[in-house]
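The block underneath contains the structure these notes are about, expressed in structure tokens.
The values are calculated or read from the model by the stated rules, or taken from the named source; none is laboratory data. Everything numeric here is computed off the predicted structure, so don't read it as measured data. Don't worry about glycine lacking a Cβ; one is built from the backbone with ideal geometry, like all the others, and counts go over all protein chains shown. With ligands, DNA and RNA removed, areas are computed over all heavy atoms of the protein, side chains included. Shrake-Rupley method; radii C 1.70, N 1.55, O 1.52, S 1.80 Å.
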Amino acid sequence: MCQKKAWKDHKRECLCLKSILPHVPTDSVRLVARIIFKLLEQPDSTSGELYSINDLKSHFKDLNEDMKEGLGHLAATLEQYLKKEIPDSSKLPPGFQTLEYFCKLTCNSFTISDGEMQDVGVGLYPSMSLLNHSCDPNCVIIFEGKFLHLRTIKEIPQGEELTISYIDVKMPSHMRQLQLQRQYCFTCDCQRCMSKEKDEDMLAGGEEASREMEHSLATLEELRSQNKLKEALDLCKKLINSGHLPDKNIHQLKALDFAMDLCIHLEIWEEALQYALQTLQPYSLYYSNHHPVRAVQIMKVGKLQLHLSRFPEAMTTLKQAFEIMKVTHGRDHGLTQDLIELLGECEMGMKVT
């Protein structure tokens, strides 16, 4: 059934993918290709969107030369990718400007995530592009499959603007500003940026030690990509136990997350829980009370406690995750339903013991 529903959109894409094997294009290249196919099939159609892709700004003139060069490479990749279906530019939709659309995608796309906030793709939701950014937003974007949900996470006075964060806020203000300027071509003037709130906490332990840890994290990424999980875990432990940085340092925190994930993959459950517990205080520091990332992290801890049959602890932790998730995801979201099932398992485990 799913295959039949997807085939209308996928049949042309499938030919393109086969034609360039073993190479796989980036998500952005595939998305622009899908937009082209849609425009060719329904050039004059109107959707129920408040805003269409034609209304989106590209900010091409505001991009730096490195960004323009990168987009040029994507355009060249797209040309190769489409060659089987669209052999030359005369077959593109009338007036279609490839670079312009890549720019629109860069400035307006949403990273689609799964229930546990892991990136799985990229999509355009033009009406949602009307939302402005804040590093301390009053709303969050949650996905269920390809469907996007806008959820409020604070009491919002009548007339106050709805805002979301375009980026992960677990970065010092200068890094957030750099990313926002580079990708979205604006300077954030929210209160959190102006006050540089939590910057000192994020780089606690000293700049030099932070830089060394950041460099080591790149090595960890490489080891994990090579599936050298035991070697990566040994390095992780060495970095974490060096004592140079507190857990609230964002690079130390990333190392803790690394260690937790590696232990889970290696089925070292007790150590995975130890590292997971160390992340909770820093997560509560950098993410507001009702934030989906924090909810998912607490849920991971609860799942580990449940797996280790620590039922009373798991019940307390999972209830805490539920109190956040019913706001950030809603009671009907698939992940919230999974959490309710875990609470049921926990309750049964407590009765048995």
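Brief remarks follow.
- ILE298 vs. criteria free of Cβ contacts under 8 Å to residues at least 40 places away in the same chain, of a type in the set (A, V, I, L, M) and closer than 26 Å to SER165 by Cα: yes
- Residue in the stretch 247-254 that is crowded, with 16+ Cβ neighbours inside 10 Å, under 25 Å from ILE167 (Cβ atoms) and of a type in the set (A, V, I, L, M, F, W, C) present: yes
- If the condition is being charged (D, E, K, R) and closer than 13 Å to ILE298 by Cα, then the stretch 317-331 contributes LYS319, GLU323.
- Per this entry, ASP234 is counted among residues that are part of a helix (DSSP H, G or I), out of contact with any Asp or Glu (no Cβ under 6 Å at 6 or more places or on another chain), open to solvent by less than 90 Å² (accessible area, probe 1.4 Å) and without any contact (Cβ under 8 Å) to a residue 24 or more places away in the chain.
- Residue pairs whose Cβ atoms lie under 8 Å apart, sitting 6 or more positions apart in sequence or on different chains, and linking a residue in the stretch 60-76 that is in a helix (DSSP H, G or I) to a partner that is surrounded by 12 or more Cβ atoms within 10 Å (Cβ to Cβ) and among the small types (Gly, Ala, Ser), are LEU74/SER28.
- Among the residues of the stretch 305-328, just one is in contact (Cβ under 8 Å) with a residue 40 or more places away in the chain and under 21 Å from LEU256 (Cα atoms), namely LEU306.
- Answer from LEU178, LEU239 - the residue that is of a type in the set (A, V, I, L, M) and open to solvent by 70 Å² or more (accessible area, probe 1.4 Å): LEU178
- Subset of the stretch 100-136 (residues that are open to solvent by less than 20 Å² (accessible area, probe 1.4 Å), in contact (Cβ under 8 Å) with a residue 40 or more places away in the chain and either within 10 Å of the chain's Cα centre (by Cα) or within 28 Å of SER195 (Cβ to Cβ) (or both)): CYS107, GLY121, SER134, CYS135
- Sub-6 Å Cβ pairs linking a first residue in the stretch 276-295 that is without any contact (Cβ under 8 Å) to a residue 12 or more places away in the chain to a second residue that is surrounded by 20 or more Cβ atoms within 10 Å (Cβ to Cβ) and aliphatic (A, V, I, L, M), at least 6 apart or interchain, number zero.
- Selection from the stretch 277-312 of residues that are over 21 Å from ILE340 (Cα atoms) and open to solvent by less than 30 Å² (accessible area, probe 1.4 Å): THR279, PRO282, TYR283, TYR286, TYR287
- In this structure, VAL29 does satisfy being closer than 28 Å to GLN183 by Cα, modelled with pLDDT of 90 or more and among the hydrophobic types (A, V, I, L, M, F, W, C).
- Candidate set: the stretch 73-85, residues that are open to solvent by less than 70 Å² (accessible area, probe 1.4 Å) and at pLDDT 90 or above; chosen: the one nearest to the chain's Cα centre (by Cα): LEU74
- Pairs with Cβ under 6 Å, 6+ apart, first in the stretch 192-219 and more than 21 Å from SER242 (Cβ to Cβ) and part of a helix (DSSP H, G or I), second at pLDDT 90 or above and open to solvent by less than 60 Å² (accessible area, probe 1.4 Å): ARG192/CYS135; CYS193/CYS135; CYS193/SER173; ASP199/PRO172; ASP199/SER173
- Residue in the stretch 331-346 that is charged (D, E, K, R), within 15 Å of GLU116 (Cβ to Cβ) and surrounded by 13 or more Cβ atoms within 10 Å (Cβ to Cβ) present: yes
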